[in-house]
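Below is one structure, written out as structure tokens, with a few remarks after it.
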Amino acid sequence: MKNNYCYEYPRPAVTADIVVIKTIDKQSSVLFIERKHPPFEGMWALPGGFLDMDETLEDAALRELQEETGITGIELEQFHTFSKVDRDPRHRTITTVFIGYADENTASPEAGDDAANAQWFPLDKLPALAFDHREVMEMVKNRL
């Protein structure tokens, strides 16, 4: 049986990444996950992952945020699409980044799925980041 998703020409993968911002001790902080698997195993990254064939980008973003951090109930807004050819060393990947804001009632993040850890970092003291997430965060800072 022929796979309905195989094509003569290669197709890019599509992901959704999420920037969640929360005020902690009077400063803006961003939620990151520590990657459990290669590429960039052990590095910090925005929560996110691959779009499933039966979901929208918005649904993928909410699902990945919940799977990797346990956080739900965040309203997300599309921010920007990143499509640099070499942004993911595995293959051609295009991502749409979403931004959401957490309030003081948002539960503490708990790492799950392919995240080894999940924690907040002050916006002005970000760790070394995987993929092109430093570039993403620079654009986020410029828009804020």
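Observations, loosely collected:
- Condition met for ALA107 (out of contact with any His (no Cβ under 6 Å at 6 or more places or on another chain), buried (at least 19 other Cβ atoms within 10 Å of the Cβ) and not β-branched (Val, Ile, Thr)): no
- Strands (runs of 3 or more DSSP E) wholly inside region 59-144 that include at least 3 residues being free of Cβ contacts under 8 Å to residues at least 24 places away in the same chain: 76-82
- VAL136 vs. criteria under 24 Å from ARG11 (Cα atoms) and in contact with a His (Cβ under 6 Å, 6 or more places away or on another chain): no
- Which numbered condition ASP54 fails, given (1) part of a loop (DSSP other than H, G, I, E, B); (2) charged (D, E, K, R); (3) within 17 Å of HIS91 (Cα to Cα): (3)
The rows are residues; the columns are (1) of a type in the set (Phe, Trp, Tyr); (2) open to solvent by less than 70 Å² (accessible area, probe 1.4 Å); (3) modelled with pLDDT of 95 or more.
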| site | (1), (2), (3) |
| --- | --- |
| ALA16 | no, yes, yes |
| VAL20 | no, yes, yes |
| ARG35 | no, yes, yes |
| MET43 | no, yes, yes |
| GLU55 | no, yes, yes |
| ALA60 | no, yes, yes |
| ASP86 | no, no, no |
| ARG90 | no, no, no |
| TYR101 | yes, no, yes |
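- Scanning region 80-111 for residues being of a type in the set (Gly, Ala, Ser) and within 16 Å of ALA45 (Cβ to Cβ) gives a total of 1.
The values are calculated or read from the model by the stated rules, or taken from the named source; none is laboratory data. None of these values were measured; they are calculated from a predicted model. Because the Cβ atoms are built from the backbone with ideal geometry, glycine has one as well, and the counts that use them run over all protein chains shown. The accessibility values were calculated without ligands, DNA or RNA, using every heavy atom of the protein model including side chains. Shrake-Rupley method; radii C 1.70, N 1.55, O 1.52, S 1.80 Å.
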